[in-house]
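*Asks:* Please find one structure pasted underneath; my questions will follow.
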Amino acid sequence: MDQAHQAGPLRERLIDAGVDLVMAEGSASLGLREIARRAGVSHGAPRRYFPTHHALLSAIARRGFTELAARFTTATEGSGTPRDQLRSLADAFLDYAAEYGGMFELMFRHDLLDSEAHASDADAPGPRLREATLPLFARLVELVTEDRAQRTEHGTGPSDNSAPPPALTAAALWTNLHGIAVLRANGSLQLAFPGADEEPDPLVTAALDAHLGRADA
């Protein structure tokens, strides 16, 4: 097999090894040598397929966004109201963060998401990591827009003059959910709010009410 045919499988093997490593040992474990060892290749092999360590980490993190996108799709399928779908999306986001803490931390590392700071990675195959987040956020904006339209139709939503743009509301909600995930992961949230692990999650309810208005209003 020539090098062109080998490149694809070997590149994917390196990403697979990185995914397994971050799932088992966290994002701090993702050294080039260890990824190469796990993939069964020489320690210099990653450089042949990824221009920088950053490019390999971004490729590993994109796997996380692919999985999270699939969970978002599953969570928002069906005939529920936009508010119901937003609740399911929020639960899916927090469940993923709780199950795959190492990958979640890697996915939202600022240095990986800042595409402009890593122009040397432009030749790496696949989209930049930041672009992988955009469809997820677009879905959140879409549901916020639909929920607002439904509430306005029923006379329970804000007027167009008083409401912030849907994208701003979606960004605030996303920020709130991310904060819940991070604080819950390090144990701080449970100390400040002992009911944080109750079901259904009262913090998700409070976040949705704060940014969208009370569901029963």
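The values are calculated or read from the model by the stated rules, or taken from the named source; none is laboratory data. Every value quoted in this text rests on a predicted model; they were computed, and no experiment measured them. Backbone-built Cβ (ideal geometry, glycine too); neighbour counts: all protein chains shown. Ligands, DNA and RNA are excluded from the accessible area calculation, which covers all protein heavy atoms including side chains. Shrake-Rupley method; radii C 1.70, N 1.55, O 1.52, S 1.80 Å.
*Asks:* Say the dipole of region 178-217 comes from +1 at the beta carbon of Lys and Arg and -1 at that of Asp and Glu; which of A185, A215, L203 then lies farthest toward its positive end?
*Replies:* A185
*Asks:* Counting only protein heavy atoms, what percent of the accessible surface of the chain is carbon or sulfur at a 1.4 Å probe?
*Replies:* 55 percent
*Asks:* So, for region 1-90, what is the accessible surface per residue at a probe of 1.4 Å, expressed in square angstrom?
*Replies:* 49 Å²
*Asks:* Among L21, Y49, A36, which residue has its Cα positioned farthest towards the positive end of the charge dipole of region 10-62, with +1 placed on the Cβ of Lys and Arg, -1 on the Cβ of Asp and Glu, and the dipole taken about the Cα centre?
*Replies:* After comparing all options, I get Y49.
*Asks:* Using a 1.4 angstrom probe with every protein chain in place, what is the largest-first accessible-area order of T52, T74?
*Replies:* So, going from the largest accessible area down, we get T74, T52.
*Asks:* Now for a different question. Using the beta-carbon distance between H154 and F193 and R0 = 30 Å, what value does 1/(1 + (r/R0)^6) give for FRET efficiency, to the nearest 0.05?
*Replies:* Computed FRET efficiency for H154 and F193: 0.40.
*Asks:* Let me know the charge dipole size of region 149-217 about its Cα centre in debye, to the nearest 20, where only the beta-carbon of Lys, Arg (+1) and Asp, Glu (-1) is charged.
*Replies:* So the magnitude is around 200 debye.
*Asks:* Still on this structure, please answer the following. How far is helix 82-99 tilted, in degrees, relative to the longest principal axis of the Cα atoms in the chain, given as a value from 0 to 90 rounded to the nearest 10?
*Replies:* Roughly 40 degrees, rounded to the nearest 10.
*Asks:* If I fit a long axis through the Cα atoms of helix 202-212 and take the longest principal axis of the Cα atoms of the chain, what angle between them do I get, 0 to 90°, rounded to 10?
*Replies:* That works out to roughly 70 degrees.
*Asks:* For region 5-117, what log10 I(q)/I(0) values come out of the Debye formula at q = 0.10, 0.12, 0.14, 0.24 1/Å, with one point per alpha carbon and no solvent?
*Replies:* Summing over Cα pairs of region 5-117 leads to -0.35, -0.48, -0.62, -1.27.
*Asks:* Next up: What angle, in degrees between 0 and 90 and rounded to the nearest 10, separates the Cα long axis of helix 166-185 from the longest principal axis of the Cα atoms of the chain?
*Replies:* Roughly 70 degrees, rounded to the nearest 10.
*Asks:* Then there is this: Quick check: residue separation of A138 and H178 times 0.36 nm, minus the Cα distance between them. What number comes out in nm?
*Replies:* 12.8 nm
*Asks:* Turning to a different aspect of this structure: Farthest toward the dipole's positive end in the chain, which of P135, A172, F72, given Cβ charges of +1 (Lys, Arg) and -1 (Asp, Glu) about the Cα centre?
*Replies:* Farthest towards the positive pole: P135.
*Asks:* Still on this structure, please answer the following. Between A215 and T81, how many nm apart are label points set 7 Å from Cα along the C-beta direction?
*Replies:* My value for the distance between the label points is 0.8 nm.
*Asks:* Now for a different question. Given the DSSP H assignment, sum -39500 (n - 2.57) over each helix run of at least 4 residues in the chain and divide by its residue total; what's the result at 222 nm in deg cm²/dmol, nearest 500?
*Replies:* Rounded to the nearest 500, it is -22000 deg cm²/dmol.
*Asks:* Say we join alpha carbon atoms closer than 10 Å with springs in a Gaussian network model of the chain; which of D114, D147, D91 then has the biggest fluctuation?
*Replies:* Looking only at D114, D147, D91, the largest GNM fluctuation is found for D114.
*Asks:* Using the Cα centre of the chain as the reference point, and only Cβ charges (+1 on K/R, -1 on D/E), how large is the resulting charge dipole? Debye, rounded to the nearest 20.
*Replies:* 720 debye
*Asks:* Then there is this: What would the Debye formula give as log10 I(q)/I(0) at q = 0.11 Å⁻¹ for the alpha-carbon point model of the chain, no solvent?
*Replies:* Debye output, listed in q order: -0.63.
*Asks:* Relative to the Cα centre, what is the charge dipole magnitude of region 1-89, using +1 at the beta carbon of each Lys and Arg, -1 at the beta carbon of each Asp and Glu, and rounding to the nearest 20 debye?
*Replies:* 220 debye
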